[in-house]
């Protein structure tokens, strides 16, 4: 019996039937057509669907296993990187050994692109690609579930409560340990949901979940066996920055934020096709878990994520803008060396700034400024 069947990615023998099912799914084809050829889809949707299905069938005709599916995804990644980034860099790969397998615990800014960029760096450096943890809140459409599970994604059941949640968390923990023991790499976000405010912090509940599979051996041994490596991802421009700022505004100022069924899909697509500028992926060093103190383990991850995060001009420009309007920020923040920010970068930032609705602007600025402020606070607490 496959105890992980309802959460695991698809196996090689399941890939082709799932692809055929997707190609016959009108909702899936319509979704792709609406983004690939939007003008034609708006005017003659039937023709747009026909052309999209034909193109997809040709691209996927030779895909019969996970490896060939990932090769197709890699081609799409290359095209996306070419169109939506100005520069893609990495650091820390020299810290990794190809003789070991790792659980990469990452800060979380973009639903799909965070693990995609980590995967891209590992793939081109000759490492095994990662199995990706993804929340079931994103899988409200069967075709989305199929797409994710085709790309080595496994499901985190966040919607459960009480005993059902505990049972599910134990199975999830066992599956992650199973993957690491099977010589596979795994990616998981450091907390549930994206850090919309730009503050990266590891949820201790995540670490407790990871220890459930080896409860009898203790927290220290359970986490040590996973070879946890923190990862920091930095986007010069966050394509979803306005969406995130608006959500924070509504929650703070209006007391509520109503997410509709298309919100997550919209965020996924916006993050994929939106301009990101310079993206940097920083791999840390495997953490040392020296006790059963869950807070100490979380702090060890946070310290590396914070220190390895690439602060870019936009982070400092946002802080500069905040300092002129927020006395508390001005008094607590580090002095900005304006000579490190060239006129072209400043002009580009001002253009972007002018497009932001004034009512959500403070949240937008803090999103970019908080990585600088977080590092400043951490340095004062050392």
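Quick note: the coordinates plus some simple rules give every number you see, no bench work behind them. Every value quoted in this text rests on a predicted model; they were computed, and no experiment measured them. When we count neighbours, we look across all protein chains shown, and the Cβ atoms used for this are built from the backbone with ideal geometry, even at glycine.
Cβ-Cβ distance of residue 36 and residue 258, R₀ of 35 Å, FRET efficiency by 1/(1 + (r/R0)^6): the value works out to about 0.75.
Of 126, 193, 92, which is the most mobile in a GNM of the chain whose springs link Cα atoms less than 10 angstrom apart? Maximum fluctuation in the GNM of the chain, among the listed residues, is at 126. Mean residue ellipticity at 222 nm, helices only, the chain: -16500 deg cm²/dmol; runs of at least 4 DSSP H residues each add -39,500 (n - 2.57), and the sum is divided by the number of residues.
Rounded to two decimals, the Cα-based Rg/Rh of the chain, with Kirkwood Rh, is 0.96.
In this simple spin-label model, placing a label point 7 Å from the Cα along the Cα-to-Cβ direction at both residue 336 and residue 78 gives a separation of 3.9 nm. So for the stretch 178-293, Kirkwood radius off the Cα pairs, Stokes-Einstein at 10 °C and 1.306 mPa s: how many µm² s⁻¹? In µm²/s, the coefficient rounds to 94. Residues in the stretch 269-294 near a label at residue 215, defined as backbone nitrogen under 20 Å from the 7 Å Cα→Cβ point? What the label zone holds, given the 20 Å backbone N cut-off, is 292-294. As a calculated quantity, the FRET efficiency between residue 3 and residue 67 at R0 = 30 Å, using C-beta atoms, amounts to about 0.80. With kT/(6 pi eta Rh) evaluated at 10 °C and eta = 1.306 mPa s, and Rh the Kirkwood radius from Cα pairs, the stretch 137-189 diffuses with a coefficient of 128 µm²/s according to Stokes-Einstein.
Paramagnetic label reach from residue 25 (point 7 Å along Cα→Cβ; backbone nitrogen cut-off under 16 Å): within the stretch 149-187, residues 149-155.
Between residue 291 and residue 266, the contour length at 0.36 nm per residue exceeds the alpha carbon distance by 4.8 nm. Largest GNM mean-square fluctuation across 131, 123, 309, computed for the chain with C-alpha springs under 10 Å, falls on 123.
Between residue 359 and residue 273, what FRET efficiency follows from the Cβ-Cβ distance if R0 is 22 Å, with the result rounded to 0.05? Calculated value: 0.25.
When the chain is treated as a GNM with alpha-carbon contacts under 10 Å, the residue of 85, 43, 270 showing the greatest mean-square fluctuation is 43.
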